[in-house]
Amino acid sequence: MIETVETEAGTARVTWHHASEPRLVLAVSHGAGGGIGARDLQALAAALPAHGVSVALVEQPWRVAGRKVAPAPKTLDTGWRGLWPALTRPGLPVISGGRSAGARVACRTATELGARAVLALSFPLHPPGKPEKSRADELLGAGVPTLVVQGGNDPFGRPEEFPEGGFELVEVPFGDHSFAVPKRAPVTQEAALETVTDAVTRWAASLG
């Protein structure tokens, strides 16, 4: 089911993948350079409904409008806030999630919006090659149970670069920022995506 939602940042779009007996909603948005067709988002939408988690794939207003460049973080947050009533309408706890820039939005707004937890896929800890420009404060400030799923070769922050904190981190071996693995890697692309879906399924079950 596809739903359009009007926000102060423009029209957003939510593609729902409903569980037959849902106990949670996982709302996930895309990054600054892609859409909800991302391999990890599609894998989660296919896997989680069977485990009682309805998945809402969220397209931010700038993406719906056909723009190629994401707006400033403040505008992304405005769009996410405007979407929240549609995400909570089923009356279930909502995991606020996203990949890359979407993960930052989820972290920044989680406490304010009353999210049950945060799923951060490929959290951009720093711009590539600039570890001094850390965004760790956004992750550490989420204020709710948080799962980070990070590629082992992510130029925006490898797992070993992350600080200690109140979050769980799962590594996708050999994965880059999109969880793509090299053809020469000893794991297949399918196995890499299974690492993502298995980790999120297990973690979501622990949330009740």
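About its Cα centre, the chain has a charge dipole of approximately 480 debye under the convention of +1 per Lys or Arg Cβ and -1 per Asp or Glu Cβ, with nothing else charged.
3J(HN,Hα) couplings calculated from phi for the stretch 121-126 with the Karplus curve 6.51 cos²θ - 1.76 cosθ + 1.60 (θ = phi - 60°) are, in sequence order, 8, 6, 4, x, 4, 7 Hz; Gly and Pro show x. Each of 41, 85, 73 was scored by the projection of its Cα onto the charge dipole of the stretch 21-92, and the greatest displacement toward the positive side belongs to 73; charges sit on the C-beta of Lys, Arg, Asp and Glu.
Sum up the charges of everything whose Cβ sits under 15 Å from the Cβ of residue 92, counting Lys and Arg as +1 and Asp and Glu as -1, but leave residue 92 out. Taking every other residue near residue 92 into account, the sum is +2.
Listed values for the stretch 171-188 are Karplus-derived 3J(HN,Hα) couplings in whole Hz (6.51 cos²θ - 1.76 cosθ + 1.60, θ = phi - 60°), namely 8, 9, x, 6, x, 9, 5, 9, 6, 6, 10, x, 4, 7, 5, x, 10, 7, and x replaces Gly and Pro. Taking amide H atoms as placed 1.01 Å from N in the peptide plane, the amide H of residue 60 lies under 5 Å from those of 30, each 5 or more residues away in sequence or on another chain. Computed over all pairs of different Cα atoms, the Kirkwood value for the hydrodynamic radius of the stretch 12-57 is 10.6 Å. Using a Gaussian network model of the chain in which every pair of alpha carbons under 10 angstrom is joined by a spring, one finds that among 90, 124, 49 the greatest mean-square fluctuation is at 90.
The stretch 147-187 and the stretch 23-93 have Cα centres spaced 21 Å apart. Semi-axes of the equivalent ellipsoid for the stretch 137-187, computed as √(5λ) from the eigenvalues of its C-alpha gyration tensor and ordered from largest down, come to 24, 10, 8 Å. Electrostatic bookkeeping for residue 193 treats Lys and Arg as +1 and Asp and Glu as -1; over the other residues with beta carbon under 12 Å from its beta carbon, the sum is -3. Once C-alpha pairs closer than 8 Å and six or more residues apart are averaged by separation and normalised to the residue number of the chain, the relative contact order reads 17 percent. With helices as the sole contributors, the chain gives -9500 deg cm²/dmol at 222 nm; each DSSP H run of n ≥ 4 counts as -39500 (n - 2.57), and the sum is divided by every residue.
Give, as a single signed number, the net charge of other residues whose beta carbon lies under 12 Å from the beta carbon of residue 65, with Lys and Arg counted +1 and Asp and Glu -1. Summing Lys/Arg as +1 and Asp/Glu as -1 gives +3. Of the residues 60, 189, 150, the one that moves most in a GNM of the chain with alpha-carbon contacts below 10 Å is 189.
For the stretch 79-95, backbone phi angles converted through the Karplus equation (6.51, -1.76, 1.60; θ = phi - 60°) give residue-by-residue couplings of x, 5, 4, x, 7, 4, x, 5, 6, 8, 4, x, x, 10, x, 10, 7 Hz, Gly and Pro being listed as x.
Every read-out reported here was derived from the displayed coordinates using simple, explicitly stated rules and does not represent laboratory data. In this text the structure is predicted, and so the values were computed from the model without any measurement. Backbone-built Cβ (ideal geometry, glycine too); neighbour counts: all protein chains shown.
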